[in-house]
Amino acid sequence: MNVLKFGGTSIENGKRIRNVLNIIRDAMHDGPVIVVVSAIRKVTDLLLDAALTACRGGGDYKEKLVDIERLHTALVEDLLTGEKAEDVQRYLCGVLSELGDVLHGVSLLRELSEKSSALIMSFGERFSAYIISSYLSQEGVAASYVDARGMIVTDTSHGDARVDMEASALQIRERLNNADSIPVVTGYIGSAPDGTVTTLGRGGSDYTATIIGSVLGAGEIQIWTDVDGFFSADPKRVRDAYALPFISYAEAMELSHAGAKVLHPYAVHPAMKAGIPITIRNSMNPGAPGTRIEKLSSEEAVSARPVTGLSSISDIVLLNISGSGMVGVPGIASRLFSCLARHMINIIFISQASSEQSISLAINALQASKAQMALDDEFAVELGSRQIESLTVRQDISMIAVVGKSMSGHPGVSAHLFETLGKNGINVIAVAQGANEMNISFVIDSHDEDKALNCVHESFFLSRRKVHVFIAGTGTISSSLIGQIRDHHETLSVGKNLDIVVCGMANTRMMALNNEGIDLNDWQSALQPREGERTIGDYLARIRSRNLHNTIFVDCTASADVAAAYPELLRSNISVVTANKLGMAGSWDLYETINDALNSSNAKFLYETNVGAGLPIINTLNDLRNSGDKILKIEGVLSGTLSYIFNELRKGGAFSRIVRQARDAGFTEPDPREDLSGADFARKFLILGRELGFRINYEDIQCESLVPDHLMGQMPVEEFLEKLACVDEEYDDMNRKAAAEGMTIAYAGEINGGKAKISVKMLPLSNPVAGLNGTENMVVFTTDRYFDTPLVVKGPGAGGEVTAGGVFADILRIASYLV
Ligand SMILES: NC(=O)C1=CN([C@@H]2O[C@H](COP(=O)(O)OP(=O)(O)OC[C@H]3O[C@@H](n4cnc5c(N)ncnc54)[C@H](O)[C@@H]3O)[C@@H](O)[C@H]2O)C=CC1
Ligand SMILES: N[C@@H](CC=O)C(=O)O
């Protein structure tokens, strides 16, 4: 014999009930069947709503009653015909009038006791079981309606009753043993010894099924629902969660107690005691194997991974009772727990530090004020004498449980868990782990619940890990970067199990956001005009509110406003990769604030492309310094644009035309005057100087400008480029003169002892700088170790592809830290 329980979604409408008939028919091939049903979806909520409305007085509850009637009548009309339909309509009519009377009483008294509430809630299962048993009979499957109030004997906690297993077993055997038709039993309800109606708590029909199954020694208890099984995490919160093929009773119990709604928390116990497997099946996908909950052999229990599943409870509060006077005083904990038990307050989580100075308890948020009042009262003397210093309630808390039988004796699970949370900036407020090592529960701010579930799930369950990227700027560098991420997505995914998901892009006018990833083959179409505020602040607020795990912000703008936001991003634990120099070469204040934010956060900040585009200059400098070398001097050419201009001038051509070519090729800054004035080069030297440990500012860099003063004023870039022709002759002359003397012109600089100077230089053709081509940069490090033969880094120092490659490499460096 098997017990089949159908939840509210499985019997939501006529189509689904027809589907249930097929499932029952199939199950009958394996032997006798007992069916347990929940109320039809939404009915329990409607009943509760009607009860609460009635309690406010007046007749408004009648509207809800009409809704309830309509919903059931529609089912009868859809499923039943002839005498069967008439019989069920008569039944509905009688029972609805009974319900109407009860609601009327509640509205007159304006009082809704737990007892009346349980009575009202019991109608849902009574309706559904009656309709389904009649439908089965009509379809030739002999079935009879069984009201569980005559079988499930409980105590008098009407809303969340405890079952008297012995008394219930007697009744169940009497009513169901040797039944000659399929019993269709009302789930969720029972009755107290005084005959009043009780309910087993929300989702209690699962419990009814396992009680019946265990008493009658069922072969299997099938819980038919609307998901494919017991998932590794709540699929509504964790998109990548998947149905587990099997789990142990103990794991199912831990997970359902900690919030997994697929199974009622008490339902496992009777089945476990009787050794009967429970299967969770999807009535909308009966072909799916579902999850089998059973006693696992020791080999099965040691599954491939230590963690079996995650679950969470939202809407809880953390009660914290603390005081140095609690240390070594016996009885405080006992009074605390007894007091809460007396007030029927269920404790979800307990944590106490070994110093005994504080005890933290998580309870349902709805019981917070009742608990606070009860405890204030209980500990009034100790609070008055300051033996207990504070009794606080922290709101907006969630608890997450990480469950797995194989966690026991498996070192590193908690280290891995807390490292993952830490890297994502999730603050753990309290932790609890039982000595059976099967469940690590921790309490965090509700705001971080989804993020925590996702990053922990990914780190324990998925071989492929996600990094969420948000880009600012959609110009030259970003476009190349997006192309590179798109083209290498597959390689990274297969080779490194890394999924780089670009979730956001914004420029000054447009924006695109998509947590699942923007289609990089058509990202331009995803960009939509920005509405309202178009500031970087607005974009950042949207990124922060998404609170995705493993988030990296990528700055490909030249905007000071964006750079000014780095500290805030880092403090929000969002890592930053930037090609924009205005952060590290910004004011000393900003530079320090960025570093302070970095030190106080677990986020990373990388900016290799700030100097020499894709060339490894900052990393080389830091490797030298970190390994104990002393850098004596840095010389070189660090402007790709100016390198290009002088290299092209040597071949002949007008200065202004070459500048325009450099801009069109994507070598220049958005405003080429930044390059020609030496400002961009100076910023790079400023960054290198600061990396060397010098407290220097932009003004400390001596730098010769190539832009005539009258062209430095406010004017559009196009106009500037037009007017720049006024210097063409001067540069032509300079170039000829240099060539005649066997020299070449270069724009180069030097940092020596904290002093930095950049200028136009005449250099002999034998100088290595004269050998540079295109946008090539060259940096020469003279150090203690590289003294006779300085260390040279040389290569293209500007351009979309090389710079984007450098940015991409920084993203991958952070990704490998994060995952
Ligand atoms: N072009 C190159 O070879 C190299 C450039 N860089 C740096 O990369 C950055 C980007 O350069 P390009 O792509 O060449 O410039 P670009 O002018 O092609 O693109 C800049 C983008 O930033 C956007 N933007 C500006 N202010 C913004 C704001 N407040 N919020 C959102 N978006 C904003 C613009 O709308 C544009 O889409 C600059 O900081 C540059 O110094 C660094 C190394 C090499
Ligand atoms: N405009 C810059 C690009 C790199 O930072 C340059 O020309 O070097």
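The values are calculated or read from the model by the stated rules, or taken from the named source; none is laboratory data. What you see is a predicted model; the values in this text were computed from it and never measured. Positions of Cβ are backbone-derived with ideal geometry, glycine not excepted, and every protein chain shown enters the neighbour counts.
Asp810 passes every criterion in (1) closer than 30 Å to Lys451 by Cβ; (2) charged (D, E, K, R); (3) away from ligand 1 (no atom under 16 Å from the Cβ); (4) in contact with a helix residue (DSSP H, G or I) (Cβ under 8 Å, 6 or more places away or on another chain) apart from (3). Being within 16 Å of ligand 2 (Cβ to nearest atom) and modelled with pLDDT under 95 holds for only one residue in Asn647, Asn610, and it is Asn647. Filtering the stretch 688-697 for residues that are more than 16 Å from ligand 1 (Cβ to nearest atom) and exposed (fewer than 13 other Cβ atoms within 10 Å of the Cβ) leaves a non-empty set. Residues that are within 18 Å of Tyr188 (Cβ to Cβ) and within 31 Å of the chain's Cα centre (by Cα) within the stretch 267-279 comprise Ala267, Val268, Ile278, listed in sequence order. Scanning the stretch 206-221 for residues being out of contact with any helix residue (DSSP H, G or I) (no Cβ under 7 Å at 6 or more places or on another chain) and buried (at least 24 other Cβ atoms within 10 Å of the Cβ) gives a total of 4. Put simply, of Thr420, Thr474, Thr491 the only residue that is modelled with pLDDT of 95 or more, surrounded by fewer than 16 Cβ atoms within 10 Å (Cβ to Cβ) and more than 16 Å from ligand 2 (Cβ to nearest atom) is Thr491. Tallying residues that are part of a loop (DSSP other than H, G, I, E, B) and either in contact (Cβ under 8 Å) with a residue 60 or more places away in the chain or not assigned by TED's automatic domain parsing to the domain that holds Ser134 (or both) within the stretch 5-22 yields 2. Every condition in (1) more than 24 Å from Thr782 (Cβ to Cβ); (2) away from ligand 1 (no atom under 16 Å from the Cβ); (3) touching a residue at least 40 places away in the same chain (Cβ under 8 Å) is met by Ala597 except one, and the failing one is (3). Among the criteria (1) closer than 18 Å to Met712 by Cβ; (2) surrounded by fewer than 18 Cβ atoms within 10 Å (Cβ to Cβ), the one Phe681 does not fulfil is (2). Just a yes or no: is a residue in the stretch 618-631 crowded, with 19+ Cβ neighbours inside 10 Å, over 16 Å from Val469 (Cβ atoms), modelled with pLDDT of 95 or more and within 11 Å of ligand 1 (Cβ to nearest atom)? The answer is no; no qualifying residue exists.
A quick yes/no check of all residues on (1) more than 21 Å from Ile24 (Cβ to Cβ); (2) aliphatic (A, V, I, L, M):
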| residue | (1), (2) |
| --- | --- |
| Ala169 | yes, yes |
| Asn178 | no, no |
| Ser191 | yes, no |
| Thr210 | no, no |
| Gly213 | no, no |
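Here's the yes/no breakdown for (1) part of a helix (DSSP H, G or I); (2) buried (at least 18 other Cβ atoms within 10 Å of the Cβ); (3) in the same structural domain as Leu216 (by TED's automatic domain parsing); (4) not charged (D, E, K, R):
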| position | (1), (2), (3), (4) |
| --- | --- |
| Leu52 | yes, no, yes, yes |
| Leu75 | yes, yes, yes, yes |
| Glu86 | yes, no, yes, no |
| Val95 | yes, no, yes, yes |
| Glu98 | yes, no, yes, no |
| His104 | yes, no, yes, yes |
| Leu108 | yes, no, yes, yes |
| Ala118 | yes, yes, yes, yes |
| Ser128 | yes, yes, yes, yes |
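Of all residues in the stretch 564-607, those satisfying the criterion of being outside any loop (DSSP other than H, G, I, E, B) and surrounded by 24 or more Cβ atoms within 10 Å (Cβ to Cβ) are Tyr566, Leu569, Leu570, Ser575, Val576, Val577, Thr578. Take the residues in the stretch 626-640 that are more than 16 Å from ligand 2 (Cβ to nearest atom) and among the small types (Gly, Ala, Ser); name whichever of them is nearest to Thr803 (Cα to Cα). Restricting to residues being more than 16 Å from ligand 2 (Cβ to nearest atom) and among the small types (Gly, Ala, Ser), the top hit is Ser627.
Here Glu533 meets the list (1) surrounded by fewer than 19 Cβ atoms within 10 Å (Cβ to Cβ); (2) of a type outside the set (Ser, Thr, Tyr); (3) touching a strand residue (DSSP E or B) at 6+ places or on another chain (Cβ under 7 Å) almost entirely, failing just condition (3). For the stretch 313-335, the condition holds for no residue, the condition being that it is closer than 30 Å to Thr210 by Cβ and basic (Lys, Arg). In the stretch 454-482, the residues that are free of Cβ contacts under 8 Å to residues at least 60 places away in the same chain reach residues that are part of a helix (DSSP H, G or I) with C-beta atoms within less than 6 angstrom, at least six apart or across chains, in these pairs: Ile482/Trp523. Would you be able to say whether some residue in the stretch 552-562 is under 27 Å from Phe694 (Cβ atoms) and assigned to a strand (DSSP E or B)? Checked against the condition, which is being under 27 Å from Phe694 (Cβ atoms) and assigned to a strand (DSSP E or B), the stretch 552-562 yields at least one hit.
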